[in-house]
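Colleague: My structure is below; once you've seen it, I'll send some questions.
The values are calculated or read from the model by the stated rules, or taken from the named source; none is laboratory data. Small disclaimer: the values here were computed from a predicted structure and weren't measured. Using ideal geometry, Cβ is built from the backbone for each residue, glycine included, and neighbour counts are taken over all protein chains shown. Side chains are part of the model used for accessible areas, which takes the heavy atoms of the whole protein and leaves out ligands, DNA and RNA. Shrake-Rupley method; radii C 1.70, N 1.55, O 1.52, S 1.80 Å.
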Amino acid sequence: MCCPCCLCVSTSEVVVVERLGKFDRFLSPGFNLIWCPCEQHAGSVSFRVQQLDVRVETKTKDNVFLTTVVSVQYQVIREKAYQAFYALTNTQQQITAHIYDVMRSQLPTLELDAVFEAKEDL
């Protein structure tokens, strides 16, 4: 037998509801009801802008070891909330890996002075 359970969703996020283990719907901000135990709160997706700081150590073309901090701001697109919740396991780890790949492929081709000139392009 299912009974209604109250659930409050914060502004700028949605809650993922699964019915018997399968995606059913998103709950919008405000007061919502789910039918326990048939439905469950599987998690939530935040639409707030988040920041990730990544420290990268690499060597430049003129053999200078350099430590850089790259700050990336990212946000989930509302229309892609399903993919953000189910397709990506660890978003911060995937973004960090991409930053490492880009910085470690670009910085060794530049000399130290050129790195400072091209920091906005990187």
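Colleague: Hey, among the residues in the range 84-108 that are of a type in the set (Ser, Thr, Tyr) and farther than 18 Å from residue 67 by Cβ, which one's most open to solvent (accessible area, probe 1.4 Å)?
Modeller: In the first step, residues of the range 84-108 are kept if they are of a type in the set (Ser, Thr, Tyr); the result is 86, 89, 91, 96, 100, 105.
Subsequent filtering for residues that are farther than 18 Å from residue 67 by Cβ retains 86, 89, 91.
Numbers: 86: 85, 89: 138, 91: 50 Å².
Among them, the one singled out is 89.
Colleague: Here is a follow-up. Name the single residue that is nearest to residue 81 (Cα to Cα) among those in the range 50-60 being out of contact with any Asp or Glu (no Cβ under 7 Å at 6 or more places or on another chain) and open to solvent by less than 90 Å² (accessible area, probe 1.4 Å). Spell out how you get there, then give the answer.
Modeller: Going residue by residue through the range 50-60, those that are out of contact with any Asp or Glu (no Cβ under 7 Å at 6 or more places or on another chain) are 50-59.
Filter once more, so that each one left must be open to solvent by less than 90 Å² (accessible area, probe 1.4 Å): 50, 52, 54, 56, 58-59.
Values: 50: 15, 52: 19, 54: 24, 56: 30, 58: 35, 59: 38 Å.
Among those residues, the one meeting the criterion is 50.
Colleague: Of the residues that make up the range 74-83, is at least one basic (Lys, Arg), open to solvent by 100 Å² or more (accessible area, probe 1.4 Å), more than 30 Å from residue 1 (Cα to Cα) and not in a loop (DSSP other than H, G, I, E, B)?
Modeller: Keep residues of the range 74-83 that are basic (Lys, Arg), which gives 78, 80.
Retained after the next criterion (residues that are open to solvent by 100 Å² or more (accessible area, probe 1.4 Å)): 78, 80.
From what's left, more than 30 Å from residue 1 (Cα to Cα): 78, 80.
Keeping just the survivors that are not in a loop (DSSP other than H, G, I, E, B) gives 78, 80.
Yes: one or more hits.
Colleague: Just name the residue that is nearest to residue 12 (Cα to Cα) out of those in the range 109-122 that are part of a helix (DSSP H, G or I) and open to solvent by less than 70 Å² (accessible area, probe 1.4 Å).
Modeller: Initial filter on the range 109-122 (part of a helix (DSSP H, G or I)): 109, 112-117.
From what is left, the residues that are open to solvent by less than 70 Å² (accessible area, probe 1.4 Å) are 112, 114-115.
Values: 112: 42, 114: 41, 115: 38 Å.
My answer is 115.
Colleague: Now, a different point. Examine the range 33-44 for a residue that is farther than 27 Å from residue 121 by Cβ, in a strand (DSSP E or B), over 21 Å from the mean Cα position of the chain (by Cα) and among the aromatic types (Phe, Trp, Tyr), and state whether such a residue exists.
Modeller: Step one: list which residues in the range 33-44 are farther than 27 Å from residue 121 by Cβ, which gives 33-44.
Filter once more, so that each one left must be in a strand (DSSP E or B): 33-36, 39-44.
Cutting the leftovers down to over 21 Å from the mean Cα position of the chain (by Cα) gives us 33-36, 39-40.
When the remaining residues are screened for being among the aromatic types (Phe, Trp, Tyr), the result is 35.
Scanning the range 33-44 turns up at least one residue that is farther than 27 Å from residue 121 by Cβ, in a strand (DSSP E or B), over 21 Å from the mean Cα position of the chain (by Cα) and among the aromatic types (Phe, Trp, Tyr).
Colleague: Against the definition (buried (at least 16 other Cβ atoms within 10 Å of the Cβ), out of contact with any Asp or Glu (no Cβ under 9 Å at 6 or more places or on another chain) and free of Cβ contacts under 8 Å to residues at least 24 places away in the same chain), how does residue 7 come out, yes or no? Even if it seems obvious, please write down each step before you answer.
Modeller: Details: buried (at least 16 other Cβ atoms within 10 Å of the Cβ): yes; out of contact with any Asp or Glu (no Cβ under 9 Å at 6 or more places or on another chain): yes; free of Cβ contacts under 8 Å to residues at least 24 places away in the same chain: no.
No, not satisfied.
Colleague: Further question: Residue 95 fails exactly one of the following numbered conditions: (1) in a helix (DSSP H, G or I); (2) free of Cβ contacts under 8 Å to residues at least 12 places away in the same chain. What is the number of that condition?
Modeller: Every listed condition holds for residue 95 apart from (2).
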